[in-house]
1. Since VAL75 meets every condition but one in (1) modelled with pLDDT of 90 or more; (2) under 27 Å from ALA309 (Cβ atoms); (3) aliphatic (A, V, I, L, M), which condition does it not meet?
2. I'm checking my understanding of the structure. Among residues of segment 224-248 that are open to solvent by less than 60 Å² (accessible area, probe 1.4 Å) and not hydroxyl-bearing (Ser, Thr, Tyr), which one is nearest to PHE398 (Cα to Cα)?
3. Looking at this structure, is ALA89 more than 27 Å from LYS279 (Cβ to Cβ) and of a type in the set (Gly, Ala, Ser)?
4. Name the residue, out of ILE267, ILE284, ILE299, that is among the β-branched types (Val, Ile, Thr), within 15 Å of GLY330 (Cα to Cα), assigned to a helix (DSSP H, G or I) and at pLDDT 75 or above.
5. Between MET261, MET251, MET183, which is open to solvent by 20 Å² or more (accessible area, probe 1.4 Å), more than 30 Å from ILE12 (Cβ to Cβ) and either of a type in the set (Asp, Glu) or in contact (Cβ under 8 Å) with a residue 60 or more places away in the chain (or both)?
6. What are the residues in segment 1-41 that are at pLDDT 75 or above and under 30 Å from ILE188 (Cβ atoms), if any?
7. Can you name every one of the helices (runs of 4 or more DSSP H) wholly within segment 111-170 that holds 2 or more residues which are of a type in the set (Gly, Ala, Ser)?
8. Go through (1) closer than 28 Å to ALA48 by Cα; (2) crowded, with 24+ Cβ neighbours inside 10 Å; (3) modelled with pLDDT of 90 or more for ILE403 and report which single condition fails.
Amino acid sequence: MGKSINLLEGKITPTLVKLAIPIMGTSLIQMGYNLVDMIWIGRLGSGAVAAVGAAGLFMIMAYGVTCIPKIGGQVSIAQSLGCDKKNSAVRYASASLQIGVFLGLIFGFICILFNRQMIDFFKLSGDSVIKNARIYLVIVCGLVIFQVLDQVIGSIFNAMGNTVITFKVTTIGLLINLVLDPMLIFGIGPFPRLEVAGAAIATVLAQVIVFIIYLNVAIKEEVIFRKIRILRKCSKESYFTIFRIGLPSAMHEVIFSSISMVIARLIAGYGDAAIAVQKVGGQIESMSWMMAGGFSVAINTFIAQNYGAGRLDRLEKGFKSAFIIMSVWGLFTSFLLMVFPGFFFRIFINEPDVIPMGIDYLRIIALSEIFMCMEGVATGAFQGLGKTVYPSICSVIFNLFRIPAAIFLSRTSLGLNGIWWALTISCVLKGTVIPLWYISIFRKVKKSMSKNVSLS
C-alpha cells in the first residue's frame, strides 16, 4: 500500500517534500472531517455549530492526551530505525499502542461520566445547545479510543517513512464520513434525522472503519507490526522514554485546550453566535495550521532518523528547506483569508447577523498564519531531536498570555474583536520565539555532535 522513504540518503528537499506531501494530505483529510461536519451542521443553524464547537474543545484535549504515545512513540521509533535498532523500534511501537489503549479508555470514561459538568463550564445559553453539546461529547469523546489508536498507528507508519499508507487510509475515512454525514444528520433514505447526534455517529463510524483498515494493513507489514505483541508487557525503559518525549507535548496540548475553554467562555459572553464564529473560523484557518502540523510531522521524522544516524549536515539543511516551504504557504493562506473572508465563511453559515463577525475573525487571524507555519516547523524539529520540553514551555507561556490579553482587549472599544487580536498576537510571539530558540539549541547540538565525531 506504500513504501518507506529512505530519509538518510539522497537530495534533502525532494526527499523531505516526498515525505511531507502524504502527511500534509493526511492533515488536509483530517481537516476535511471537521469541515464536512461544519458544512452540514451549519445548515442546522449557529446553535448547532455552537454545541459542536463547545464539545469539540474536549477533542483537542483528547488529542493532547494522544500526544504521549503518538509523539513519544514516533520519535523513539524513528531514532531507533535511524541507528538500525529494529528490535528497539518494535518495543517502542508495542509500548506506544499499549499506552494509547489505556489513555483512550480512561479519557472516554471520564467524558461519559462527567459530560454534564464538562459542558456546563461554558455557560451556554440555549437548552437545545446544551443538550446537543452533551450528546456530541458523549458519542465522539466517549468512543475516542478509536481516534487515539488511528493516530498512534499512523505515527508508527510515519516513523518508518511510510507516509503514503496514512494518507490513503485517512482518505478512505473521509469519504465514508462524507457519505454518512448528510444521511445521518438529515435522515436521508432509511436513516432517521439525528442532526448533531448524526454528525457524531458518522465521525465515530468513520474512525472505526479506519482502525479496521489499519489493522488489515499492519498485519502484512513485517518490519515492525508483525513483531508487535500487544498483550506482552514492555520494559520500563520503553514506557519511560515514550513518556519523557511525549509528555511535554501532551501537557502543552492539554493546557492549550484548557486555555481555549477559558477563551470560549469569554466568547460565550457575546452569545452563542460568537462561539459559532470561532468554531467555523477555526475550521477555515485550519487549512494553514493543519498543513503546518503535517509538515511538522514530516520534519519530526526526518530530523529523528538523521539525528539517530548522526547525519549532522542533513539536520541543518532539512530544517532550512522545511522553513522556507512553510513560510511561503503561510503567506499564501494569509492572503486568502485577508482578501476573501466572506467567501469562505458563507460556505458554512449564511445568517446575515453572523457573517460580519466571521469576516472580522478571519481578517484578524490572517495576520498570524505565517507565524503558525514557522512555529509548526520549529516544533517538529525540536521533537525530532527528542527535545520536546523547549517548544512546549514556550507555547504554554504565550498561550497563557491569551487569557489576560483577551480580557483586557475585549474591554476596550474592540469588544469581541479584542479576543481575536489576543489570539493573533500570541501566535506571532510563538512563531517568532520558537524558531529562534530552535536555532540556538541546534547550534549546541551541532557543536556536541561534532565534538563526539572528532573524539571517535
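1. (1)
2. Of everything passing the filter in segment 224-248, PRO248 is nearest to PHE398 (Cα to Cα).
3. The answer is yes for ALA89.
4. On the way: ILE267 fails: within 15 Å of GLY330 (Cα to Cα); ILE299 fails: within 15 Å of GLY330 (Cα to Cα).
None of the others qualify; the one that does is ILE284.
5. On inspection, the qualifying residue turns out to be MET251.
6. TRP40, ILE41
7. 127-136, 145-159
8. (2)
The values are calculated or read from the model by the stated rules, or taken from the named source; none is laboratory data. Remember, it's a predicted structure, so these values are computed and weren't measured experimentally. Glycine also receives a Cβ, built like all others from the backbone with ideal geometry; neighbour counts cover every protein chain displayed. For the accessible areas, the whole protein counts, side chains as well, though only heavy atoms, and no ligand, DNA or RNA atoms are used. Shrake-Rupley method; radii C 1.70, N 1.55, O 1.52, S 1.80 Å.
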